[in-house]
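Each value in this text was obtained by applying a stated rule to the coordinates, not by laboratory testing. Source: prediction; values computed, not measured. Cβ sites come from the backbone with ideal geometry, for glycine too, and all protein chains shown count toward neighbours.
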Amino acid sequence: MKTKQGSIVLNQVGHFLGFCPLLFLLLCQSARVDAGDLAITAIDFAALSGDKLQIQLDMNGAAVQPKVFQTDNPARIALDFVGVTNALAKKMIPVNQGVVSTIYIAEAADRIRVVINLLEATPFETKVAGNKVLLTLNRAKTIASANLNSIVAKPKIPTTKKNVNSVVATLLPEQVISGFDFKRGDKGEGRILIYLANPDTVVNSKQEGGKVVINLLNTRLPENLAKRLDVTEFATPIKFIDTVASKQETTVTVTTQNELYDYSLFQSEGLLTIEFRPLSNEEKDALDRVRVKYKGDRLSLNFQEIDIRSVIAILAEFTGQNVVAGDDVNGTITLKLDDVPWDEALDFIMMTKGLEKFESGTVTLVAPVGKIKEYKEKQQETATVIEQLDPLVTEYIKINYARAENFRNLLNGRDAGAIGACGINSPAASASSSSALVGGGVGGAPLQNPTQGMGQSMSQGTPASSLTTKNDKIAMLSARGSAVVDSRTNTLIVRETPKQLEEMKKLIRKLDVPVRQVMIESRIVNASKSFAKNLGVRFGVAGSDTTFSTIAVSSKTINNPINGTAVVDNALVDLGAAAIGASPPGALGMTLAKGADYVLNLEITALQNQQLAELISNPRVMTADRCQATIKQGQQLPYTTSSGNTGPVTQLIDATLQLDVLPQITPNGSVIMALKITNDSAGAALASGGIPIDTQSIQTNVHVQDGETIVLGGIFNGKQTNNTNAIPFLADLPGIGFLFKNTEDVNNKKELLIFVTPKIITDNAVSN
């Protein structure tokens with residue numbers, strides 16, 4: 001019976017507990033509260049004006065100040081209460097308002113932590129009032145709290161201007177536009193007058209698409225002022241003024257009549273004046289030439305005792321760079337800058353506060369003057385120590401197109417060689433080829449160096465190695481490194497640290513490339529023309545009983561009994577034409593009178609000789625870019641000299657056709673050439689037995705397009721002779737005076753022309 005009654009009682013209690021679970025939990029929680037001293041009894045949240053959200057924590061006694069922690073990734077705010085317990089039924093409370101998603105409560109042995117999970121990092125402030133703890137969050141997105149313990153680096157990623165201004169707005173006091181006006185100046189200036197509620201403001205201006213856009217950051221615009229003004233009738237550079245407002249800024253867009261204007265901004269006692277001044281074409285050009293150093297967007301700053309770190313953060317938003325400021329960057333500054341580029345403003349701010357900056361890529365370090373130098377010196381010392389401790393590695397580098405000796409010189413900080421010093425890769429050639437090729441003109445005349453303006457000559461016989469000196473500033477071999485050359489395989493053997501070896505191999509890959517080649521073809525044309533004309537008369541008598549022909553050939557008269565007429569035998573007057581070049585002149589004989597025993601005869605002799613000759617030489621040679629080439633053909637003539645001590649000495653003198661050329665291919669495909677062309681030949685033997693040398697030579701520097709032909713020069717010689725032999729008095733008789741004259745006309749012409757045609761070899765196998 002007792003067992004049954006006990007069972008009934010237990011069933012009733014369980015039935016009661018099943019219907020009243022809430023009452024049971026409240027009783028248990030009440031027991032826990034009684035056991036502790038202080039507990040959180042309620043959490044509430046509410047939206048405030050200005051896009052703010054306030055979270056309220058209620059306690060059953062006087063509230064204590066929490067320890068606050070904040071993280072950016074993930075975005076959270078944690079409040080730690082020591083000696084406080086949790087009297088709430090839930091450990092997670094959904095919020096989903098503003099930037100707050102949820103609130104989570106975690107309880108440990110002697111403390112409790114309240115974690116506010118955020119959608120993004122947000123500035124906040126905490127306050128204790130009685131038995132309440134108030135946490136107020138701003139909805140505006142930011143990258144730093146209001147006190148700015150440090151300037152946080154912001155990656156340079158594409159962002160809208162609204163996001164940038166919203167960040168800057170959190171660092172500035174709110175501004176309000178109280179009035180708007182427009183006036184015309186005495187000289188046609190257009191002045192936009194904006195009345196501000198307080199003097200602290202940041203104004204950003206820039207030119208976009210022929211318009212001027214002026215942004216007033218964190219500035220509120222009354223609805224009645226958001227409109228367009230048409231000020232065309234004022235005859236100023238301004239045409240339209242459009243004013244609009246958003247949450248974080250007010251934008252004034254000015255449309256101008258043309259581009260001939262200059263604008264400036266200045267603030268004074270709550271009045272912002274934007275002035276547009278008309279310019280002439282000359283004034284506009286002069287103004288553009290001055291504004292070249294600073295190219296950032298133009299700002300107007302007006303602050304009283306603002307924190308220097310806040311100013312740097314504001315300017316950093318406009319640079320788009322990551323900015324890092326050390327702990328030594330502190331203090332306040334008073335600013336009043338009107339219409340200056342932001343980069344110029346940053347320079348002046350740093351100069352005023354004794355700061356300097358160091359830029360590396362997209363990161364800017366701001367520190368007191370001298371700190372960056374100390375940091376770089378310590379960094380250099382560390383790098384030196386590491387370099388001394390690095391192990392040495394041996395590398396065998398195969399050189400494909402250049403000479404390994406040239407790369408060894410480069411690694412040691414010396415020039416690879418003089419222009420034109422492209423000798424063969426052998427020890428014998430390396431000692432003498434430099435002087436032969438660099439200074440090797442014909443007869444000891446050096447070719448001129450194209451890289452020295454084609455007007456300076458290198459001394460003949462000077463080795464190329466002596467023309468260069470070591471430059472330690474660009475030497476790539478360290479004090480521990482070494483480099484040797486295997487000439488047989490054209491291999492560079494280098495022993496260096498791995499870091500230096502990588503730099504050397506980059507240099508070799510960049511410079512060890514095939515060199516283009518040039519075919520230089522020249523034509524030497526030596527044209528000569530000789531013309532001689534001779535006319536004469538012979539007058540005499542012959543016996544009348546003999547008949548002769550009327551034609552005589554050669555300078556000696558031939559008697560021929562033809563037609564009963566005799567040619568001149570015994571000349572009374574002999575002014576006949578002399579033979580020219582051993583060619584017999586033509587003669588015409590006639591009988592003027594015939595007597596009983598004598599015949600009076602006349603013989604007219606004439607000769608015309610035309611000699612035309614043209615000699616063409618066509619030397620051609622192919623060479624690599626910036627390497628000298630020589631081609632010659634001819635003979636060597638013996639030349640004997642004698643002295644009292646040694647006796648006769650015979651030397652061989654060149655009488656050759658020779659072409660010396662040093663080409664240089666320019667980036668645009670043309671060719672610069674240092675040229676010397678000689679055409680020497682043996683002359684007619686002298687009576688003394690010597691043989692003179694006829695010399696024709698030209699030395700010059702020219703610039704020619706690929707495949708074009710240029711005429712280097714021409715030598716023209718002319719000689720004209722007119723000789724007349726006459727018998728005095730008789731030659732002047734009218735009508736018959738020609739019978740007593742002999743005339744000779746000689747006209748000689750010689751001309752030398754030199755043509756040069758460079759052709760760049762375009763074979764794909766050897767082209768770059």
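Under 1.5 on a/c is rounded, so check that first for segment 601-695, then, if it is not, pick prolate when a/b is larger than b/c and oblate when it is not; a ≥ b ≥ c are the square roots of the alpha carbon gyration tensor eigenvalues. Don't skip to the end; give the middle numbers.
Working: a/c = 4.71, a/b = 1.32, b/c = 3.56.
The shape class here is oblate.
Classify segment 669-733 as rounded, prolate or oblate, taking a ≥ b ≥ c as the square roots of the eigenvalues of its Cα gyration tensor: rounded when a/c is under 1.5, otherwise prolate if a/b is larger than b/c and oblate if not.
The shape class here is oblate.
Once you put a point 7 Å from the Cα of residue 246 and another 7 Å from the Cα of residue 745, both along the Cβ direction, what distance in nm separates them?
For residue 246 paired with residue 745, the spin-label model returns 9.7 nm.
What FRET efficiency comes out for the pair residue 715/residue 488, r = Cβ-Cβ distance, R0 = 30 Å, nearest 0.05?
0.05
Calculate log10 I(q)/I(0) of segment 214-309 for q = 0.17, 0.21, 0.23, 0.25 Å⁻¹, where I(q) comes from the Debye formula with a single equal point scatterer on each Cα and nothing for solvent.
Normalising to I(0) and taking log10 leaves -0.98, -1.27, -1.35, -1.40.
Stretched out fully, how many nm does the piece from residue 230 to residue 613 gain, at 0.36 nm a residue minus the Cα gap? Can you show the working numbers first?
On the way: separation 383, 0.36 × 383 = 137.88 nm, distance 8.82 nm.
Taking residue 230 through residue 613 to full extension adds about 129.1 nm, to one decimal.
When the dipole is taken about the Cα centre of segment 78-131, and only Lys, Arg (+1) and Asp, Glu (-1) are charged at their Cβ, what size is it in debye, to the nearest 20?
Dipole magnitude for segment 78-131 comes out near 140 debye.
Given the pairs 371/473; 529/759; 398/473; 183/239; 206/239, which span a C-alpha to C-alpha distance of over 23 angstrom in this model? Working shown, then result.
Working: 371/473 26 Å; 529/759 33 Å; 398/473 26 Å; 183/239 13 Å; 206/239 17 Å.
Among 371/473; 529/759; 398/473; 183/239; 206/239, the Cα-Cα distance tops 23 Å for 371/473; 529/759; 398/473.
Relative contact order for segment 716-765 using alpha-carbon pairs under 8 Å, separation at least 6, rounded to a whole percent?
Once divided by the residue count of segment 716-765, the mean separation gives 44 percent.
When only alpha-carbon atoms count, how far does segment 309-350 stretch along each of its three principal axes, as whole angstroms with the largest first?
Here the Cα extents, ordered largest to smallest, are 30, 24, 14 Å.
Among the aspartates and glutamates, which have Cα under 13 Å from the Cα of residue 67 when same-chain residues fewer than 8 positions away are ignored?
80, 125
Can you give the FRET efficiency to the nearest 0.05 for residue 281 and residue 762, using r as the Cβ-Cβ distance and R₀ = 41 Å? Write down the numbers at each step before the final one.
Values: r = 49 Å, r/R0 = 1.18.
Efficiency at R0 = 41 Å is approximately 0.25.
Treat each spin label as a single point 7 Å out from the Cα along the C-beta direction, and report the residue 505 to residue 377 distance in nm.
Between residue 505 and residue 377, the simple spin-label model gives 3.7 nm.
Report, in listed order, any pair from 676/750; 336/376; 211/284; 187/211 with a Cα-Cα distance greater than 28 Å.
336/376
Tell me, what is the FRET efficiency for residue 92 and residue 258 to the nearest 0.05, using R0 = 60 angstrom and their Cβ-Cβ distance as r?
0.40
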